[in-house]
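Here the structure is laid out as structure tokens; the discussion comes afterwards.
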Amino acid sequence: MFDGRDPIYLQIADQIRSSILDGTLQEEEQVMSTTQYATTYRINPATAAKAFAELVDEGVLYKRRGVGMFVATGARSTLQADGRERFFAEVVDPLVDQAHVLGIEVADVVKRIEDRATRIGSEAETRGAAQGGAR
Amino acid sequence: MSGFGVQVRDLIVRYGDDTAVDGLTLDIPAGSITGLLGRNGSGKTTLLSTLAAFRRPTSGRALVDGEDPWENERVMAGTCLIRESGDVLADEKLGATLDYVEQARPHFSRELAERLLDTFELDPKAKQNTLSRGKKSAFGAVVGLATRAELTMLDEVYLGMDAPSRYAFYDALLTDYVEHPRTIVLSSHLIEEIERLFEHVVVIDHGTLLLAEPADELRTRGLTVTGPSDAVERFSAGRTVVGRQQLGRTAQVTLFGPPAADDDARARDLGVELGPVDVQDLFVHLTARAGATGDAGGTAGLRVAPSDDPAGRSGSLTGSGAAGSDPTVTEVPR
């Protein structure tokens, strides 16, 4: 846990952002307190507090006095919008570069992406049907 | 935030001809958990003993909560140093030591002490000098934590403990620190497990300061680069290389210094992988000495093999005089 190159507070913030994006943390759900975070992951409480402060600044989390930290309404769509630009710069651009180096046609790449997207779509549909169409 | 801060200014402590602390200037922020790191004989215990008023400075100042701790009743009541020996009554029962500390220390928590005795499986009726090394360490930690002093200094206290005891110690420390914030200084040369507990890190060597900064900043000061040798060389050109490993045509180098904005883009272009350096590795690199037998000249610091530093630049590591005029020390940009 937290063995990336970034400062630990940024890695904590990223982890919470990911949990919101993938739905592990729902909007208006309470998140762990800095104290719980510090003792659970054996990190300095000030480090955890710094991560939470950053997310509060971004409007991803908000504080209910005397109760704790909660995920803000709209946090997920905000994060999705932020992630969109980064996705193209950090994932798509290098992918195109690498395809070029390997002599792979762009049309082949697009076809692969479409096939994959179709499969993910149908898997989600099957899952949704199994859960009685919940979602 | 409660807790005593520490200011050390031009501190020199000599024992006869031996200079243990050699012109040290540093701050320990009030209310932080600070790691005091240094190799054996680097001056950690002397520094802490001076802060605890067990020693007087030869020259310079060591202030605790803004005052000289020497014969200072107010500051001493809030300062607790536990050295590796445990600093307890060796031929008394553990319970008797706790009775004694309870009388002497205003914030001592008997309840916490009893709970920790249980955690570490220590028998209050046992005498301290009959305990194993690990149990002695654990008892030192119990006394240090339960004292709840505004400045709590634990000198190499967890080194003798086995792994489960160490983890129990980290958990007890964090939990009690959150409830009762205070300044806690943990000195060690082994920091792998504990470095994430630090908010602030001080590294000393040969009685001089190598660096003092937030722990999170220290972590981003290093970088490992792995990939084909020539690509790794091109990526590392002009950077401070502190370690190098070669496996066939694949090389891994450890770079010291702040990351550059275009590191990720360059790594992608050159086909190399970037990874983190852990604080223990950085510490080893920072305090590595030229000769295996140590350096009597007292000019140790970040040594870089001449082949790694074609420019042959020289300078000091942090501007604190740590590296002296050693020509093999490369300047580290801040």
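Once you divide the Cα radius of gyration of the protein assembly as shown by 2.2 N^0.38 Å, the number left is 1.15. Positive-end ranking of B:Ala172, A:Met32, A:Leu21 along the dipole of the protein assembly as shown, with charges on Cβ about the Cα centre, is headed by B:Ala172.
Protein heavy-atom accessible surface, 1.4 Å probe, per residue over segment A:76-133: 85 Å².
Structure remark: mean-square fluctuation, Gaussian network model of chain B, C-alpha springs under 10 Å; the largest value among B:Gly248, B:Gly271, B:Gly207 belongs to B:Gly248.
Sort chain A into rounded, prolate or oblate with this rule: let a ≥ b ≥ c be the square roots of the eigenvalues of the Cα gyration tensor; rounded if a/c is under 1.5, and if a/c is not under 1.5, prolate when a/b is larger than b/c, oblate otherwise. Note, shape of chain A comes out oblate. Overall, chain A carries a charge dipole of about 580 debye about its Cα centre when +1 sits on the Cβ of Lys and Arg and -1 on the Cβ of Asp and Glu, all other atoms neutral.
Just to be sure I understand: with springs between alpha-carbon atoms less than 10 Å apart, which residue in B:Val21, B:Val253, B:Val64 has the highest mean-square fluctuation in the Gaussian network model of chain B? Comparing B:Val21, B:Val253, B:Val64 in the GNM, the peak value goes to B:Val253. For the pair B and A, the buried accessible area comes to roughly 1700 Å² in total, with a 1.4 Å probe and the value rounded to the nearest 100. With both bridge residues required to lie in the protein assembly as shown, what share of the DSSP beta bridges run antiparallel, to the nearest 5%? Around 70 percent antiparallel, to the nearest 5.
Overall, the accessible surface of chain B at a probe of 1.4 angstrom is composed of carbon and sulfur to the extent of 48 percent. Carbon and sulfur: what percent of segment A:8-75's accessible surface (1.4 Å probe)? The nonpolar share, carbon plus sulfur, comes to 51 percent.
Taking every DSSP helix (H) stretch of at least 4 residues in chain B, weighting each as -39,500 (n - 2.57) and dividing the sum by the residue count yields a mean residue ellipticity at 222 nm of -8500 deg cm²/dmol. If you take all other residues with their beta carbon under 12 Å from the beta carbon of B:Phe169, and give Lys and Arg +1 and Asp and Glu -1, the sum is -2. Springs between Cα atoms under 10 Å define the GNM used for chain B, and in it the highest mean-square fluctuation of B:Arg239, B:Arg266, B:Arg83 occurs at B:Arg266. Rounded to the nearest 5, the antiparallel percentage of DSSP beta bridges internal to chain B is 70%.
Per-residue Karplus couplings for segment B:203-218, computed as 6.51 cos²θ - 1.76 cosθ + 1.60 with θ equal to phi - 60°, are listed in order as 10, 10, 8, 6, x, 10, 7, 8, 6, 9, 6, x, 4, 5, 6, 4 Hz, Gly and Pro entered as x. When the convex hull of its Cα atoms is viewed from all sides, chain B shows a mean projected area of 18.6 nm².
The values are calculated or read from the model by the stated rules, or taken from the named source; none is laboratory data. Keep in mind it's a predicted model, so treat the numbers as computed, not measured. Note that each Cβ is placed from the backbone with ideal geometry, even for glycine, and that neighbours are counted across all protein chains shown. Ligands, DNA and RNA are stripped out before the accessible areas are found, and what is left, the full protein with its side chains, is counted by its heavy atoms. Shrake-Rupley method; radii C 1.70, N 1.55, O 1.52, S 1.80 Å.
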